[in-house]
1. Return the FRET efficiency for the residue pair Thr223, Asn309: r is the Cβ-Cβ distance, R0 is 41 Å, and the value is rounded to the nearest 0.05.
2. For the cross-link pairs Lys159/Lys326; Lys79/Lys311; Lys207/Lys376; Lys224/Lys326, which exceed 19 Å when the distance is taken from alpha carbon to alpha carbon?
3. Residue by residue through segment 391-396, what is 3J(HN,Hα) from phi via Karplus (6.51 cos²θ - 1.76 cosθ + 1.60, θ = phi - 60°)? Round to whole Hz and write x for glycine and proline.
4. Arranged by the count of other C-beta atoms within 10 angstrom, fewest first, what order do Asp344, Asp389 take?
5. For Asp123 and Arg370 in the same chain, what is the full-extension length gain: residue separation times 0.36 nm, less their Cα-Cα distance, in nm?
6. How far apart, in nm, are the 7 Å Cα→Cβ label points at Arg270 and Ala135?
7. What is the Cα radius of gyration of segment 208-318 over 2.2 N^0.38 Å, N being its residue count?
8. Output the direction-averaged projected area (hull surface divided by four) of the convex hull of the alpha-carbon atoms of segment 11-428, in nm².
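We did not get these values from a lab; they are worked out from the coordinates using the rules stated. Fair warning: this is a prediction, and the values are worked out from it, not measured in the lab. Every residue, glycine among them, receives a Cβ derived from its backbone with ideal geometry; neighbour counts consider all protein chains shown.
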Amino acid sequence: MSDYKKNSITLIGAVGLGTGVMISAGIFALLGQVAALAGNWFPLIFIAGAIVTAFSAYSYIKLSNEYPSAGGIGMFLMKEYGKGTITASAALLMGFSMVINQSLVARTFGTYTLQLFDFGSTDFLVPALGVGLLAFAFLVNILGNKFIQTFTSIMSLLKILGLTILAIVGLWLVGFSFTPATGGSDIAAPGAVSYIASVALTVLAFKGFTTITNSGSEIVQPTKNVGRAIMIAILISLVVYVLLAWSVSSSLPLSRIIEAQDYALAEAARPVLGNYGVIFTVAIAIIATVSGIIASVFAVSRMLAMLTNMKLIPHKHFGMPGSIQKHTLVYTIVGAMALTVLFDLSRIASMGAILYLVMDMIIHWGVLKRLKGKVKANSAIVLTAFTLDGIVLAAFLWIKITNDLLVVGVSALFILATFAGERWFLRNGVGGQMEHSD
């Protein structure tokens, strides 16, 4: 596949891709939602999320060292389960979770951009701006790897510096008081299940590290640099998340953070820095969301192209010229646009977390049962990652069942439809001769 170029992404470029996806959705879209579940001490939940993610990353690093691939997770699943239903379905769940993440970031872009203007109603403008950003991401992605990694690396550096400055200035103005946000009389203290469930959203904030594995064979010295890039990206994101979360916690009461959860960071800048602080925050949000969308689209379109070439998922050209990867790029953008229009931030995030955690557990189980000797993985670490995912997912589902059953129902139906559809395709479609093992 000519679209994949070995040694076209440097270590710095890989870190830029990872942080580009992580920081865009992680802090802007999810901070308020984490606060709603975890209460006063929500900044600490990002540390818990980083720990869960670090255990998960172990499996991906081991797999990347043995099987560096531009298809990343799709190739890992194929090595674990063969060319069958589990591989195709789990890879699609990952792809869908990334497309969901793109719509999350797109709506975040619209939400924060509109903080600069005084519109009575933004119901139409938020998705409209998000769709516009996705169209821009499509144009950037057809320019090639070199431009993408340069663009995302520069944008990632700018947003990391900007967010760090914003957090430090905010903490400085409140005397570096690392204190929990004050609550409100109408806010009940969260229970243990709610605390654990909130970790699911922070895991979603860190899952952008998989963008790096999806570009494995394109990274310079992948057996050395994929693992380095993943851990560096997670560490950078953790520092930025915790600093910003504490800054927001010190600036606003918990009730206000929850009320303004879709734009909590901009709201926190208002009392300590005034309108200039809001403008600066929105500018950083725009940079972060733009780079996040571009990096995510870059990764998922390549993974879907590899699955198509492996005849694991159906593909239609619809008269479009160019390579399969260009076609999957179009499908990715169109899917993200549809979700951006149809769902709000909270439900998008919830669906993304559920799909990702299910896929993540399938990856760990495959390593544990089929590849631990081949990839030289430590069984205890992989089992811990699998167990932590299961606990977090169970808690999150329980909270959502009690608060938003529709999200759980749609997610469950979507997962079942994915597996059933792939089963039918591999048995009866053009992929029918490819199903060897599950």
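1. 0.95
2. Lys159/Lys326; Lys207/Lys376; Lys224/Lys326
3. 5, 5, 5, 4, 5, 5
4. The order, fewest Cβ neighbours first, is Asp344, Asp389.
5. 84.1 nm
6. Here the answer is 3.0 nm between the modelled labels.
7. Taking the Cα Rg and dividing by 2.2 N^0.38 Å, one obtains 1.45.
8. Quarter of the Cα hull surface area: 19.0 nm².
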